Amino acid sequence: MSVRKGNLQDLSACVLIDTSYVTEHVWQIRTEERPYEQISVTFQTIRLPRSVRAKPPRDSDCLVDDWQRGDCFLVAEHEGEIRGYLNMVLQPWRAVGWINDLVVRRKHRRQGIASELLRDAFGWAREHDVRTVVLETQTKNYPAICFCRKHGFTFSGFHDQYYPNQDIAIFFARGL
């Protein structure tokens, strides 16, 4: 398998990849206001009564817009098949790379493809003087949360009603 910069033909293939995932857990948020202007926020992993299939709220138009920026769009290819992609946009004034998409075809998940894409994205980021990489996901995307934690990302915040569907976004960051 090779990881390389994606082109327009690759983008067309990536748009067709099913981005849905299955989860049995969610990160549940709890907030509590306390005296003296204190607010406590906690996240707790909750097991769902049954598996749920969900889809990230970003649509293919967002992917096309990001690709047109020309920042970091990598594809993992094997035997002519695009097996996954990573889309990271650069925020140079903050020296931040923001991973908007990290997708692997369902039949190729849990084979190290996302990890390889991430390693190459870190290399790209270092070459472009990025100091921090941020990855966002939904609180119900437990597979992505586990992936972030496995790869040294730390929880760095959340935004209630961040997505158009009103889902909560959680942010993970990793210094380079």
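Observations on the structure shown:
- Residue selected from segment 107-158 under the condition of a type in the set (Ser, Thr, Tyr) and over 23 Å from Val52 (Cα atoms), by the criterion surrounded by the most Cβ atoms within 10 Å (Cβ to Cβ): Thr132
- Meets criteria (modelled with pLDDT of 95 or more, surrounded by 13 or more Cβ atoms within 10 Å (Cβ to Cβ), in a strand (DSSP E or B) and of a type in the set (Phe, Trp, Tyr)) for Phe172: yes
- Leu86 being closer than 27 Å to Phe158 by Cβ, buried (at least 18 other Cβ atoms within 10 Å of the Cβ) and not polar (S, T, N, Q): yes
- Boolean, Thr42 is of a type in the set (Val, Ile, Thr) and without any contact (Cβ under 8 Å) to a residue 40 or more places away in the chain: yes
- Only one of the listed residues (Ser60, Ser51) is among the small types (Gly, Ala, Ser) and under 27 Å from Met1 (Cβ atoms). That residue is Ser60.
The values are calculated or read from the model by the stated rules, or taken from the named source; none is laboratory data. Fair warning: this is a prediction, and the values are worked out from it, not measured in the lab. Reconstructed Cβ throughout: ideal geometry from the backbone, glycine too, with neighbour counts over all protein chains shown.
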